[in-house]
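The values are calculated or read from the model by the stated rules, or taken from the named source; none is laboratory data. Just so you know, these numbers come straight off a predicted model, no measurement behind them. Neighbour counts are summed over all protein chains in view; Cβ atoms, including those assigned to glycine, are modelled from backbone coordinates with ideal geometry.
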Amino acid sequence: MKTTGNLIEKIFYDDDIVKKFTLATMVWAGAAFLFGLIAALQLAYWPLNANLEWITFGRLRPLHTNAAIFAFAGNAIFAGIYHSSQRLLKTRMFSDLLSKMHFWGWQLIIVAAAITLPLGYSHGKEYAELEWPIDIAIAVVWVIFGLNFFMTIRQRREKHMYVAIWFYIATIITVAVLHIVNSIAIPVSFLHSYPVYAGIQDALVQWWYGHNAVAFFLTTPFLGLMYYYVPKAANRPVYSYRLSIVHFWALVFIYIWAGPHHLLYTSMPEWAQTLGMIFSVMLWAPSWGGMINGLLTLKGSWHLLKTEPLIKFFVAAITFYGMSTFEGPLLSIKSVNSLGHYTDWIIGHVHSGALGWNGFLGFGMIYFLVPRLWKTQLYSKKLLENHFWLGLTGILLYYISMVVAGITQGLMWRAIDGQGNLVYPDFVETVIRIVPLYWVRALGGLLFLIGFILMCYNIYKTIQLAPKAQEDKAVEVARSGYDEVGGTAHRKLEGMGFLFSVLAFLAIAVGSIIEIYPTLSLHKYVRPDSITDPYTPLELAGRDVYVKEGCYVCHSQQIRPIAAEVLRYGKPSTIEESMYDHPFQWGSKRTGPDLARVGKKYPNLWHYSHMVDPRAVTPKSIMPSYPWLAEKDADFLSLRKKLSVMKMVGVPYADDVVANADIHAQKQAQQIAADLEANGSPKGLEKKEIVALIAYLQALGQKGKAQ
């Protein structure tokens with residue numbers, strides 16, 4: 001193509017949208033950190049659950065994770081992308097209207113999540129709990145964002161696309177694919193649906209989504225921000241252009257394959273587990289390539305650590321990125337995973353990345369942006385310095401306490417004496433031992449929150465110092481021609497926005513298809529001689545209560561083929577046992593014991609007492625009480641529709657059972673209620689949610705006829 005020449009044009013960047021997303025980041029960050037601190041304190045001191053159903057740990061923890069990922073990190077990403085993209089592409093965003101629709105649409109989604117999650121409307125899938133109307137809204141708003149971004153690329157005046165733009169492209173494309181594929185569900189009502197996937201299908205799709213939500217929502221966009229704001233803050237070019245190319249393409253291609261490492265030692269097919277482990281270990285190279293590129297960009301600028309303390313946030317963030325991306329592949333090695341999985345070590349690992357990498361990089365970006373957006377000086381570098389040290393101390397206390405707690409848990413769970421018996425057969429012993437470390441974790445979270453409060457004050461005072469009359473100034477930019485993007489093949493590719501985007505899509509599509517497609521034919525993994533019965537209508541109603549209360553955040557339903565687990569819980573879980581589970585409930589954390597074979601282990605009255613007051617049967621339990629389950633009526637009338645949807649997604653319910661689901665449920669409920677009454681519980685429980693939940697718990701591990 002011929003050059004268009006260098007034409008000097010005057011343009012106005014849209015910094016108003018950047019201001020909006022920046023302030024929203026601050027607001028939602030405060031909410032996310034506060035929810036996290038409360039949840040941490042609830043584990044250290046169970047009475048803080050306060051017998052209030054909408055703030056129990058099981059409901060608050062999903063609210064915290066969604067607020068941290070999509071509200072705090074999401075708004076930070078959007079602020080950085082809108083600010084940096086206009087300057088890198090030398091053009092205003094394609095549409096101010098689309099920018100505003102994106103901003104207000106995203107905030108409404110966050111508000112909807114903040115209302116529905118505490119009320120118990122949940123898919124029961126980690127990081128994907130939001131129900132189907134909100135899922136649709138997310139897809140629509142994301143498309144609006146993507147359209148605005150890619151049309152801005154199309155009208156760019158700078159034909160060469162800088163490395164940060166590559167990471168933004170990969171983020172927008174991949175997050176759309178992840179969200180849409182994982183969120184496919186059949187509605188039962190306005191705020192309830194069942195995913196189309198079940199068992200190992202659902203597990204694989206969920207952790208393909210879950211792991212890559214971390215990869216493409218909490219990693220690639222923040223790497224794009226790193227590649228822009230670290231060089232800007234240090235006033236130095238990126239250390240290595242070649243390394244950035246290798247870093248980008250290797251990371252985008254390899255990351256998408258790593259999801260199954262969340263499912264090691266489960267009933268997932270062995271080939272999928274091995275695939276996930278291999279690609280996870282391979283991630284060491286590109287991840288550390290990015291860390292090295294970021295840190296060495298600051299080479300020769302270390303003196304700025306004394307004069308510009310915001311550089312400390314960037315250095316710490318990149319260091320935490322390197323630490324997290326070393327620890328992640330380490331935890332994906334089977335022998336290490338057998339110790340660490342289901343423990344608090346994983347919680348420490350996640351938060352070192354979320355607080356250290358995402359949090360500190362976001363804080364550094366905001367400290368960089370606010371004075372420039374409001375055309376003033378930062379109010380206090382001393383407050384910034386204090387924020388850094390408080391935040392860093394908080395992260396280290398959090399991380400170290402959780403790693404120690406996790407390793408302690410793992411070792412106690414697997415301890416077997418010389419006679420082949422469990423050293424700690426009572427699960428609650430392993431919980432009590434680490435409660436002091438939960439207090440240390442809460443202290444770390446408190447320090448991190450106090451540091452953030454200092455930041456809020458600093459930013460507030462900075463904005464107050466801004467001139468009253470804020471006028472946007474025109475920026476003179478030169479339009480670069482296509483032949484100015486000459487040189488290497490990749491350099492030329494950086495001038496071709498559409499082709500670059502297609503190649504990025506193909507890089508993530510290959511691994512996704514190879515990983516997911518084989519499990520869509522579930523029947524080939526099910527033993528012909530094994531028959532599993534679907535849940536009865538009452539058991540299904542109880543399962544919905546289980547999901548609503550967020551029980552999956554503390555309990556797993558997957559016994560691994562590890563000697564200590566078999567001794568503690570029973571024989572390892574099989575594919576068939578969860579083949580009708582929409583959604584699957586294998587869990588990822590054990591604050592309580594595994595429930596895969598809890599059915600018939602205890603009488604109905606034990607479960608009733610355990611839910612109303614856990615201390616009545618396990619004196620040192622830290623589990624919340626659920627007294628409202630014995631007061632609220634179960635929704636039997638909706639069961640016909642629920643079973644109809646279940647039959648639609650492949651659960652083999654007989655027509656009679658579907659047509660009379662409520663009647664079947666009431667009969668089974670009466671039997672359980674009569675047994676409870678005969679053993680001393682109150683009368684009139686046959687319509688209550690607790691009876692449905694008891695029916696579900698008693699069914700676990702009892703459905704297979706060929707055991």
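Points worth noting:
- Filter pass, I416 being modelled with pLDDT of 95 or more and under 31 Å from the mean Cα position of the chain (by Cα): no
- Residues satisfying the stated conditions in region 24-47, i.e. surrounded by fewer than 17 Cβ atoms within 10 Å (Cβ to Cβ) and either outside the structural domain of A478 (by TED's automatic domain parsing) or in contact with a helix residue (DSSP H, G or I) (Cβ under 9 Å, 6 or more places away or on another chain) (or both): V27, L34, Y45
- Residues located in region 662-707, provided they are part of a loop (DSSP other than H, G, I, E, B), out of contact with any Ser or Thr (no Cβ under 7 Å at 6 or more places or on another chain) and under 17 Å from L540 (Cα atoms): E686, K687, L700, G701, Q702
- Residues (basic (K, R) and outside any helix (DSSP H, G or I)) located in region 147-158: R156, R157
- Members of region 263-281 that are in a helix (DSSP H, G or I) and more than 18 Å from T174 (Cβ to Cβ): L263, E270, W271, A272, Q273, T274, L275, M277, I278, V281
- Matching residues in region 153-182 - criterion: being hydroxyl-bearing (S, T, Y) and surrounded by fewer than 23 Cβ atoms within 10 Å (Cβ to Cβ): Y162
- Applying a threshold of 8 Å to beta carbon distances and a minimum spacing of six or more residues, or different chains, the list of pairs starting in region 313-324 at a residue that is assigned by TED's automatic domain parsing to the domain that holds H349 and in contact (Cβ under 8 Å) with a residue 12 or more places away in the chain and ending at one that is part of a helix (DSSP H, G or I) and hydroxyl-bearing (S, T, Y) reads F313/Y367; F314/Y229; F320/S352; Y321/S287; G322/S287; M323/S352; S324/S352.
- Cross-chain or 6+ apart pairs with Cβ under 7 Å, region 491-507 first and under 23 Å from W257 (Cβ atoms) and in the same structural domain as I245 (by TED's automatic domain parsing), then surrounded by fewer than 14 Cβ atoms within 10 Å (Cβ to Cβ) and hydroxyl-bearing (S, T, Y): none
- Residue in region 106-116 that is hydroxyl-bearing (S, T, Y) and modelled with pLDDT of 95 or more present: yes
- Identification of helices (runs of 4 or more DSSP H) wholly contained in region 292-373 with 3 or more residues that are within 13 Å of M226 (Cβ to Cβ) yields 310-331, 360-373.
- Selection within region 563-591: residues that are in a loop (DSSP other than H, G, I, E, B) and touching a Lys or Arg at 6+ places or on another chain (Cβ under 6 Å). The member of this set that is surrounded by the fewest Cβ atoms within 10 Å (Cβ to Cβ) is G570.
- R560 among the charged types (D, E, K, R), surrounded by fewer than 23 Cβ atoms within 10 Å (Cβ to Cβ) and not assigned by TED's automatic domain parsing to the domain that holds K667: no
- The conditions of being in the same structural domain as I138 (by TED's automatic domain parsing), over 22 Å from L506 (Cα atoms), surrounded by fewer than 20 Cβ atoms within 10 Å (Cβ to Cβ) and modelled with pLDDT under 95 are met by R236.
- Contact annotation: residue pairs with Cβ atoms under 9 Å, 6 or more positions apart or on different chains, pairing a residue in region 263-279 that is under 16 Å from D594 (Cβ atoms) with a partner that is part of a helix (DSSP H, G or I) and of a type in the set (D, E), are Y265/E565; S267/E576; S267/E577.
- Filter result for F150 (within 19 Å of F94 (Cβ to Cβ), surrounded by fewer than 24 Cβ atoms within 10 Å (Cβ to Cβ) and touching a residue at least 24 places away in the same chain (Cβ under 8 Å)): yes
- All positions within region 439-469 that are among the hydroxyl-bearing types (S, T, Y) and buried (at least 22 other Cβ atoms within 10 Å of the Cβ): none
- Residue in region 33-45 that is closer than 17 Å to K100 by Cβ, touching a residue at least 24 places away in the same chain (Cβ under 8 Å) and assigned to a helix (DSSP H, G or I) present: no
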